[in-house]
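Below is one structure; the comments refer to it alone.
What follows is calculated from the coordinates using simple rules that are stated; it is not laboratory data. Note that the structure is predicted; figures quoted are calculated from it, not measured. Here the Cβ positions follow ideal geometry from the backbone for every residue, glycine too, while neighbour counts run over all protein chains shown.
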Amino acid sequence: GGTEPRITCNAYLTTQRKAWDVLSDFCSAMRCMPVWNGQTLTFVQDRPSDKVWTYNRSNVVMPDDGAPFRYSFSALKDRHNAVEVNWTDPDNGWETATELVEDTQAIARYGRNVTKMDAFGCTSRGQAHRAGLWLIKTELLETQTVDFSVGAEGLRHVPGDVIEICDDDYAGISTGGRVLAVNSQTRTLTLDREITLPSSGTTLISLVDGSGNPVSVEVQSVTDGLKVKVNRVPDGVAEYSVWGLKLPTLRQRLFRCVSIRENDDGTYAITAVQHVPEKEAIVDNGAHFDGDQSGTVNGVTPPAVQHLTAEVTADSGEYQVLARWDTPKVVKGVSFLLRLTVAADDGSERLVSTARTTETTYRFRQLALGRYTLTVRAVNAWGQQGDPASVSFRIAAPAAPSRIELTPGYFQITATPHLAVYDPTVQFEFWFSEKRIADIRQVETTARYLGTALYWIAASINIKPGHDYYFYICSVNTVGKSAFVEAVGQPSDDASGYLDFFKGEIGKTHLAQELWTQIDNGQLAPDLAEIRTSITDVSNEITQTVNKKLEDQSAAIQQIQKVQVDTNNNLNSMWAVKLQQMQDGRLYIAGIGAGIENTSDGMQSQVLLAADRIAMVNPANGNTKPMFVGQGDQIFMNDVFLKRLTAPTITSGGNPPAFSLTPDGKLTAKNADISGSVNANAGTLN
């Protein structure tokens, strides 16, 4: 809710300590840096302040290697993104409390890196949180250190002052130099080197006025690259004074001096650490700053590669890997750095090979078995590297399927293996057996090989409902295959679904279509009954028809014998007897047919009956009682002897039924005599 002082210090000094240690504790609480100038000790607070001087290649000592500014960076392990801050809680009896401060974005990018700190004299949780956040932002934002040497100008600042570095090599363009001439009348400066203005935005040039203070003015135009017209010329700008350029697309590079050392040759060695003036607003006010600007214009940092893949192939007993990747956009002068490592037995990684290429493919040869990680990153002509992209792969026999999903169908079972970890290079071998193989090592000699794929549908009229069928599946890749995994399943036991299945299969046949076709009586006289036989050589068909029509009634009997060639050049043969009668506008049909057809599933022979009622009677000894009747959707049988019965639901006669068994396993019996034992987890006996 409210506000509080940025920093307070509530501490009791109860033990004798070294003065430097005590002062260091106070400095840590106040965000200060102690500075000793040889005579007095002062303190400089780490907060935004004006720069006191600008350094470029024209006012520093030029070493033999031509690189006056030498940079170093903090190690990644020293850039913490989580801090446990210990502080004194007055609401808890002045006991020590711990405040956890985190930078979630940094944790997501680099992984969690935790440190601990003691907030000296801190009795506020808010101040403890800000102290931890200050440490995190300092380590994440201010990561660069610069070293250089100067002459007497090194005394223009003291440790703790903010200075500006205009390094042409780092920026990639001219950002600083000397002023050769000053024309106050035309507000024109003549520089010692050419500069180029961007197409948009405001460009500032930093100059030194007569008081020795840096002053920034706006650049209005540039002529011949050297003559710069500004909006005003500060008083006292002298010839051969230094200038620094600030572009709208180039971040100002500020550093805070931490030490000045006098060298033996009369020069001064300066060490400065990167200074981010926005840090205080980020910590204290929760401000957010976009990091679009860069300290260099040496081209655009190349983007990370995409769609990185590694394909393993065999190579004369050894293995090679073909790496492929894409780039989201074309950048001139980009090459790619490749780094291949293999996992060691102790969990560490061992470097196998490095490479550099300008292509988007690369082949590694003569690789041994192991678990590899390939990292690829783009690098431009200036040495700037894009974010790395990695892919892991194994040169080894694949892991066995972790589970096998069996999906029942009508006269078929679909087997779908799954790996614990997806591997696009792995396929599966499928073996099938109607009996369980006790010794899994005998699979390849006992079971039937189906094929290699990602899944397999075992479909056959011989796959019968209610029977167990066994699949033996192993993973395969270029290197080898895994052990077999057994899975057992049954086809669907949905009786209603099977009837629909048969309906569709039978309806597609020529015999069924011939049997269901009505007999054409249109051309017969109303009172004529005759037998007509027609023979057609083309279709090899013999048809006999008996017709009779009386008033609003008609009847016909037709016998067909046909051998024909269908559109797929397959030979089909059939025989059928059809009877139909029209009564009161309703058509009644009865018939029997037999046929052999060459279908897409192979040769199919069948006998079909069409009638409201189908019955079978044994006429021995004058018997007229049928042993089997099919009527409507039901089948009636007098006496049944079955070796095996598979039925989802079984219900006895009676109302209510005396016995029933449902698909969910519920058994109901009014009277049960059990001679053996009963195993049950729970229950109630009345």
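For this structure, a couple of remarks:
- Restricting the stretch 414-500 to trypsin sites (Lys or Arg not before Pro) that sit in a DSSP loop and have at most 15 other Cβ atoms within 10 Å of their own Cβ leaves 435, 436.
- Dipole-positive endmost among 341, 357, 321 within the stretch 320-365 (Cβ charges, Cα centre): 357
- Alpha carbon centroid spacing (whole Å) that separates the stretch 25-71 from the stretch 103-121: 27 Å
- Each Lys and Arg contributes +1 and each Asp and Glu -1, all at the Cβ; summed about the Cα centre of the stretch 403-493, the dipole is approximately 100 debye.
- Counting neighbouring beta carbons within 10 Å and listing from fewest to most, the residues 196, 267 come out as 196, 267.
- Counted by neighbouring Cβ atoms within 10 Å, the residues 262, 429 run from fewest to most as 262, 429.
- Rg/Rh (Cα only; Kirkwood hydrodynamic radius) as it applies to the chain: 1.26
- Residues with amide H under 5 Å from that of residue 253, placed H, sequence gap 5 or more: 165
- Residue order, fewest to most surrounding Cβ atoms within 10 angstrom, among 574, 637: 637, 574
- Cβ-placed point charges (K, R +1; D, E -1), dipole of the chain about Cα centre in debye, nearest 20: 440 debye
- Working from the Cα coordinates of the stretch 367-480, the gyration tensor eigenvalues give, after taking √(5λ), semi-axes of 41, 16, 10 Å in decreasing order.
- Across the stretch 207-269, the convex hull enclosing all Cα atoms gives 145 Å³ per residue.
- Note on the chain: dipole from Cβ charges, positive end direction compared against 646, 409, 219; the farthest Cα belongs to 646.
- Relative to the globular-protein estimate of 2.2 N^0.38 Å, the Cα radius of gyration of the stretch 306-395 stands at 1.12.
- Considering only 60, 547, 254, and ranking their Cα positions along the charge dipole of the chain that arises from unit charges at the beta-carbon of Lys, Arg, Asp and Glu, the one farthest toward the positive end is 547.
- Lacking any other cysteine beta-carbon closer than 4.7 Å, the following Cys residues of the chain have no compatible partner: 9, 122, 166, 257, 474.
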